[in-house]
Amino acid sequence: MKKKEKKVKEKKNKNVKNKMASPKKKMLIRTFLLVIIAVITCTLIVPLFKSLNFGLDLQGGFEILYEVSPVDDSKMTKDKLNATYKSMLKRIDTLGVSEPEITLEGDNRIRVKLAGVTNKEEARETLSTVASLTFRDSEDNLLMTSDVLEAGGARVTTDSTGRPAVALSVKDKDTFYKVTNAVKDYENNMIVIWLDFNEMTDSYANEGSMCGTDESNCLSAATVSEGFASDVIIQGNFTEEEVTNLVDLINSGSLPTKLTEVSSKTVGASFGDATLTTTMYAGIAGVLAIIILLIGIYNFAGFISAVSILLYTLLVFAAFWLVGGVLTLPGIAALILGIGMAVDANVLTYSRIKEELLKGRSLENAFKNGSKLSFGTILDANLTTLLVAIIMFYFGESSVKGFATMLIINIIVTMITMVAITRFLMKIFVKTKYFDNKLGLFIGVNEDKINKDKEEVKEEKTYNYLGKSKYFYIFSIIVIIAGSFLFAFKGMNLGIDFQAGSDITLATTEVSKEDLSRDLKELKLDEVSIDITSSETDIRISNELKEEKIEEVESYFLDKYNASVDIGVVSNVVKQDLIKNAIFSILVSLIGIILYITFRFKFSYGISSVICLVHDSLMMLAGVILLRTEINSMFIAAVLAIIGYSINNTIVVFDRVRENLKAKDKDKLSREELKEVVNRSIKDTMARSIYTSLTTLLPVIALLVMGSREILTFNVAMIIGLIAGTYSSLLIAPRLYVFFAKNDKPKKKKQVNKEVSEKIIKGIND
C-alpha cells in the first residue's frame, strides 16, 4: 500500500514538473522563432534594397528644370504643359534611361531627373527640342508637317457611332486638301502620323503593326477615302485612354513651345557610389545603436522591438518598391529618421505597461491596459506627423517631395509593425505566463517598486518642473537673439537653392584655396566661397552656368585635378519660388496642427503647441546661423520634420495632462492645483520623451558623422531641432498651457447685490 502511494506521489510530482517546464519550452521555441524571423528579414532587406530604383544622387546622372513658354503671344495652359510633358516622356525612351523622373512643377515648369545617363549633351539636346510631327505615306515619303494644324488643335471627340475619336483643327486647309485628295488615289491610300520620325531607323513597312504603341514613333495610320478642306476626325477602334494619349502626343508635336533651362545639376557616378556607401553604413550604425539601447532599457521587450524594427525596414522598402519610388539621399534620411520616430510607438506602449505593473497589476492585465491607454496617443501623434508630411509632399519640390514620400510610407508602416505586430508578438509571450514572475527580465521594470498590496498610493507633491522651465526659455531667448544679431551683421550662409548661382564640388581635398581662386579667374567665374572639407571641396560661384560652360568647367577640373566633378545650377526664379513655397508650407503646417489639436483637445492645447513649434523652428534657424551651416532645401525638410516630431512629443505630454485632469474637478481647480497636475504629467512622460529623443538622435548623429555632405544641413538642423523640441515639449508647452488654460474655464456668474429700499406708504411709515 505504501509503495502504491509512493508511486502516485512521484507521478504527481512528475506532472507538476512537466507543467512547469512547458512554459519554458514554449518560450524557448518562440524566442527561437523570433531569431529566425530576424535572420530571414535581414537576408530579404539587402536584395530588396538593391532592386530599388536609385536617384541620381546615389548613382550619378543629371537633373534639369525647364521653364515651358509659348513662342507666340498665346497663354500657357495646362493642356500645353501636359502635351510637352508627354513629348518629353516619349523622347526619354530613346535615351535608354530605365527609370526617369519627370514632374510638373507649378503652371509652367518641368523637372527631369535622369539617373545613370552618360551622354548629358545628347540628353539635353533631345529634351530641349520640341517634338516634330509629320504626315507621311505608307512608303515613308513626307507629305505634310505640323504647320498645317492649329497649335495644340487636337482634341478628344466621338465619331458617328459614339466611339472615342480624335478631332484635328486644320489651319492650312488648301495644303491639307491637296495632300488628302492625292493620297485617296494611292494604291495604299493611307496617311501615317509620325512623332520624331528617324529616317535611319523608322519605317512603316517595319513598324506598321506596332503603330500606336509605346514601342513605336508611329502614332496613327488613317485611311483616306476623299480630299478634306476642313477639320477632320481620326477614327478607329480606340479606347478613351488611347484617344487621350494620341491627342497629347499630336499636340506635343504641333505645339509652339520653347524650353528654357533654369537650373541643372550633374552628379558623377563616383559621387553617387560614395554617397550610397557612406549613408548605408551610417544607417546600419544608427539602427544597431537603437536596437542596443532598446534591449538595454526594456530587456526582452526590447528584443521584440528589434525584430519589429527589422520588419519595419523591410516593409518600408517593399512599399517603396511597390509604388515605383525612386530612392534618393533625402529618402534614406527620412527612412533612418522614421525608424527613430517609429520606435516611439513601442516606447509609449512599454512605458504604459510598466506603469500598470507598478500599480500591482498582473502582466496580462498590465499588457491589455497599457496597450489600450497608449493607442490613442500613438494615433494622435502619427496623424499630426502625417498631416505635416502631406503638406510637405503637396507644396515641396524635388528633394523635399522625396523626403515627404518616404515619411508618409514610414508613418503608415509604423502603425502596422510598431503597433500591431509588436503587440501581437508581446501577446504571444505574455500568454505563456513564463514572465509573470520575471517582470524585470521581460520589460525592465524594477520589481522592488511594485505596489504588491495594491493599496491606493497617496499622491506626493511632485517636483516643480514648471518652475525650472524659465531657465530653458531664457536660454532659447538668448540663442534666438544671438542668431538675430549675427544675421543682421553677417546674414545667412545661404546654399545654392536660396541664392542662385552654381555649386561646384570636387571629389578631392588635395587643392588649395589660392589655386582654386586662380582657376575661377581663368574660367572667368565669380567666386562666392571655397570650402575644403575632410572628404571633398565645395566651390560656390554667383554665375548661372549654361550647358556649354558646364562642360568646360567639368573638363577643366577633371583634367587639372583628376577628380570627379558635381555641378548644380539654380536660377533666381527657382530661388524665389523655393522661398515662397518654404514659408507657405510651414504656415499651412502650423495652421493644420492648431486646428487638429483644438478639435481633439482644446484651443489652449493647440495654441500652446503651435507657439512651441514656432520656438523650435526659430531655434533651428538661429542654430544654423550661429554655426554658419549652409541653409538649403533640405533645411526646410528638417524644419517640417521637426514640426511633425515635436508635435508628436507635445501631444504625449498633453494627453497625459488631459488624462490626469479627468480625475479632478477642473472648474474648481486653483492655479496652483493645475500646476501640480501638469507637473505630475511631465514627470509621468519624462522618461518616455528622453528615450524617444535618444532613439531618434542616434541615427541622425550616425548620419552626421558618417553620412554625405549633401545632408549635412539636414543632420545639423535635426540635432538642434530634436534638442529644442524635447525640452519645449516637456517644459515650455506645459507652461504655456497653464497660462492659456484659464480661457478654457467657464466664467463664474457674478452675484448682483440688490439694495433693498424701504417703500414709503402714506399713513403707515411716512
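Here are some notes:
- Here the extension length gained between PHE475 and GLU447 equals 6.2 nm, from 0.36 nm per residue of separation less the Cα-Cα distance.
- Two numbers describe the Cα atoms of the range 609-706: Rg and Dmax, which are 17.2, 55 Å.
- Split the accessible area of the range 589-653 by element, probe 1.4 Å, and carbon with sulfur accounts for 79%.
- Stretched out straight at 0.36 nm per residue, the stretch from ILE233 to LYS359 would grow longer than its current Cα-Cα span by 37.4 nm.
- Sites THR43 and LEU661, calculated FRET efficiency, Cβ-Cβ separation with R0 60 Å, nearest 0.05: 0.75
- Annotation: amide H-H contacts under 5 Å for LYS258 (H modelled 1.01 Å from N, sequence separation of 5 or more, or interchain): SER69, VAL71.
- Here's how it looks for LEU219: its modeled amide H is under 5 Å from those of ILE193, TRP194, LEU195, GLY212, which are all 5 or more places away or on a different chain.
- Treating each Cα of the range 352-396 as an identical point scatterer and summing with the Debye formula, the log10 of I(q)/I(0) at q = 0.22 Å⁻¹ comes to -0.68.
- The shape of the range 349-453 comes out prolate: with a ≥ b ≥ c from the C-alpha gyration tensor, a/c is at least 1.5 and a/b beats b/c.
- Largest-first ordering by accessible area, 1.4 Å probe, given options TRP194, TRP321: TRP321, TRP194
- Heavy-atom accessible area per residue - the range 611-727, 1.4 Å, Å²: 32 Å²
- Sparse-neighbour loop sites [GluC sites (Glu not before Pro); the range 605-699; at most 11 other C-beta within 10 Å; DSSP]: none
- Accessible-area order (highest first, 1.4 angstrom probe) of the listed residues CYS211, CYS218: CYS211, CYS218
- Extension gain from LYS78 to GLU150, taking 0.36 nm per residue of separation minus the Cα-Cα distance: 24.2 nm
- Loop-resident sites, the range 499-528, for GluC sites (Glu not before Pro), counting at most 11 other Cβ within 10 Å (DSSP): GLU510
- Pair LYS468, LYS178: separation of 7 Å Cα→Cβ label points (nm): 9.2 nm
- Distance between modelled label sites at GLU673 and ASP515, nm, 7 Å Cα→Cβ extension: 7.6 nm
- Taking every protein chain into account, the 1.4 Å probe leaves ILE594 with about 30 Å² of accessible area, to the nearest ten.
- Average silhouette area of the range 372-434, convex hull of alpha-carbon atoms, in square nanometres: 4.8 nm²
- Rounded percent of accessible protein surface that carbon and sulfur make up, the range 362-426, 1.4 Å probe: 76 percent
- Spin-label pair ILE292-ASN206: with each label point 7 Å from Cα along the Cα-Cβ axis, the two points sit 6.1 nm from one another.
- As a calculated quantity, the FRET efficiency between ASN141 and VAL323 at R0 = 56 Å, using C-beta atoms, amounts to about 0.80.
The values are calculated or read from the model by the stated rules, or taken from the named source; none is laboratory data. What you see is a predicted model; the values in this text were computed from it and never measured. Because the Cβ atoms are built from the backbone with ideal geometry, glycine has one as well, and the counts that use them run over all protein chains shown. Heavy atoms of the whole protein, side chains included, go into the accessibility calculation; ligands, DNA and RNA do not. Shrake-Rupley method; radii C 1.70, N 1.55, O 1.52, S 1.80 Å.
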